[in-house]
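The values are calculated or read from the model by the stated rules, or taken from the named source; none is laboratory data. All values reported here derive from a predicted model rather than from experimental measurement. As a convention, Cβ positions derive from the backbone with ideal geometry for all residues, glycine included, and neighbour counts pool all protein chains shown.
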Amino acid sequence: MNSPKLFRLVALLAIFILFAGCAHKTVTPESDSEINVSENSAAESEYKDSEVEKLDPELESTPAETEELTPEEQKALLASSSGINFNLDVHDTKEVQQYFGYFTHKARKTFTRWLKRSEPFLPYIREVLSKNNIPEDLAMLPFAESGYNTMAYSRVGAAGMWQFMPYTGRHFGLRVDWWVDERRDPYKSTLAAAKYLNILHEMFGDWYLALAAYNAGEGKIGRALKKTGAEDFFDLTKKNHKLSRKYRLRAETKNYVPKFIAISKIFKNLEPLGFEKINWNNGIKVETVKVPGGTDLLALAKACDMKWNDFHTYNPHFRRQVSPPDAAINAYLPLQVMVKASSYLESPRSRPFAGYKRYKIKRGDSWHRIAHNYRVPVAVLKSVNNRKSNLIKPGQFIMIPGKGSTASLYTRQVTKTRRTAQSRANYRVRKGDTLWDIASRYQVSVNTLKRSNGLRSSRLKIGQKLYIPDNSAKSSRSSKVKAGTVNNQLVKYKVRRGDNLYGIARRFGVKVSSLMKWNRLNSKSIIRPGDKIKVYVQ
């Protein structure tokens, strides 16, 4: 082949590749402007991790034909009976019938999986919607968005059960960064979705138009209504062909509301359609605890006798095994582990590192090279980044815990504290002693006892000497006991069935550690119905 022909062929190939790259575009839910998917994905790549899941293919599938329905299915499709206070009008369009048949036949297994996945969250979502005067039908929306998957991540960067884009999520108070992605927080994202849906409803005065705007963006729907003069969503879809390409609704948006209606019809007729009914008592029961910045989440999980995977199932918004160093973040835990969680979070060991550096991996880097440069053991480096493989790629980000110089300074301070404590020691550890016992006996906190003696753990040895602050005289001990209680009212609380220390502390607005101190209890103590607990309240 001669060079001019070769040149023309190469030029044509380059133009084809350029146009092919620009052709793959989509519209984000938060804006009606077109965005290149590859560029958007690159911009958000730092928010992705190995744990996120792609959306189920069934969510992006459009039924090609209408399934033939059984008499029972026909009856369910036309039924208007209510399962959970359905308030929306019923529309029986061809598209509704197509999606109804699709989810009851071809995608039946997927829909069954969605139903089971929704059980832990449905009671909470229904309650939030009710409190915000939103029809409880909209509890079906996460089915249409993500199949109720908290870890779902779309190809354009939407995440979580409600599929918020990063900008929209941040606008409604959700933190989205390298440390956490609160779009995956099922509780905070639900509150954000309720706010957004109410705003859309106030804007359009119609829930179907609000849903269309949730999918396509309020600007897109607003301009389409203005151009067509349509009165409602179904009128708008009929007149959609009159719009220019710039203003026309995508097929995804036109099918979004029919899909939602079909899912709602199936949900309120689960048993007649052969699905298992929802167990409304299976809602997830968690307590919220504020996790201070820089908390070792893996150690917190271990302190609660939980595996990391179980902890992360409750807390899918955490993207690292350490919480962000600059803010307190919500964590959700089963009620039965809250005493252990509170005890751990109040201890110095919960935040073991002095600080963090976000490091971008360069060409030629290795775990050993980075570990050497920042004086951090390779094992620690891998652990805080939740990595097992030795492979790292240029351009990735990792977290580097406190530098060696800071760690060395901390070690020197601990050593000095221990020497001082030894010279002032006023207690010798006996058989059976624990820090909790000693702290309770002398009315000091475990934290104070640890700091005063330069202790990193709670392990004690028989014969070990400890310095107990304010233990030099009976008068000082007495004043310590009275401190913080003299102006408070003593309540003698009778323990009821199902009570635990965390629940009692929360009821009276006091700390678990204070409750333990006042009653000379430790983390291993057991309280039984009928026991009387001292509580000092303001």
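Which one is surrounded by the fewest Cβ atoms within 10 Å (Cβ to Cβ) among residues in the range 275-294 that are β-branched (Val, Ile, Thr) and modelled with pLDDT of 90 or more? Break it down stepwise before answering.
Taking the range 275-294 and keeping what is β-branched (Val, Ile, Thr), we get 278, 284, 286, 288-289, 291.
Narrowing the set further to residues that are modelled with pLDDT of 90 or more leaves 278, 286, 288-289, 291.
Working: Ile278: 18, Val286: 18, Thr288: 10, Val289: 18, Val291: 24.
The extreme case among them is Thr288.
Would you call Trp207 within 22 Å of Ile263 (Cβ to Cβ), buried (at least 19 other Cβ atoms within 10 Å of the Cβ), more than 26 Å from the chain's Cα centre (by Cα) and not β-branched (Val, Ile, Thr)? Reasoning before the result, please.
Values: within 22 Å of Ile263 (Cβ to Cβ): yes; buried (at least 19 other Cβ atoms within 10 Å of the Cβ): yes; more than 26 Å from the chain's Cα centre (by Cα): yes; not β-branched (Val, Ile, Thr): yes.
So Trp207 fits the description; yes.
Determine whether Lys302 is free of Cβ contacts under 8 Å to residues at least 24 places away in the same chain and outside the structural domain of Met151 (by TED's automatic domain parsing).
Taking the combined requirement at face value, the residue satisfies it.
Please tell me if Pro272 is crowded, with 18+ Cβ neighbours inside 10 Å and assigned to a loop (DSSP other than H, G, I, E, B). Even if it seems obvious, please write down each step before you answer.
On the way: crowded, with 18+ Cβ neighbours inside 10 Å: no; assigned to a loop (DSSP other than H, G, I, E, B): yes.
Spelling it out, it is not the case that Pro272 is crowded, with 18+ Cβ neighbours inside 10 Å and assigned to a loop (DSSP other than H, G, I, E, B).
Output yes when any residue across the range 316-324 is among the aliphatic types (A, V, I, L, M) and under 17 Å from the mean Cα position of the chain (by Cα), and no when none is. Please lay out each step first, then the result.
Step one: list which residues in the range 316-324 are among the aliphatic types (A, V, I, L, M), which gives 322.
Next cut, under 17 Å from the mean Cα position of the chain (by Cα) only: 322.
The answer is yes, given that some residue of the range 316-324 is among the aliphatic types (A, V, I, L, M) and under 17 Å from the mean Cα position of the chain (by Cα).
Looking at Ser264, Ser323 in this structure, which one is in contact with a Leu (Cβ under 8 Å, 6 or more places away or on another chain), outside the structural domain of Lys524 (by TED's automatic domain parsing) and more than 30 Å from Phe397 (Cα to Cα)?
On inspection, the qualifying residue turns out to be Ser264.
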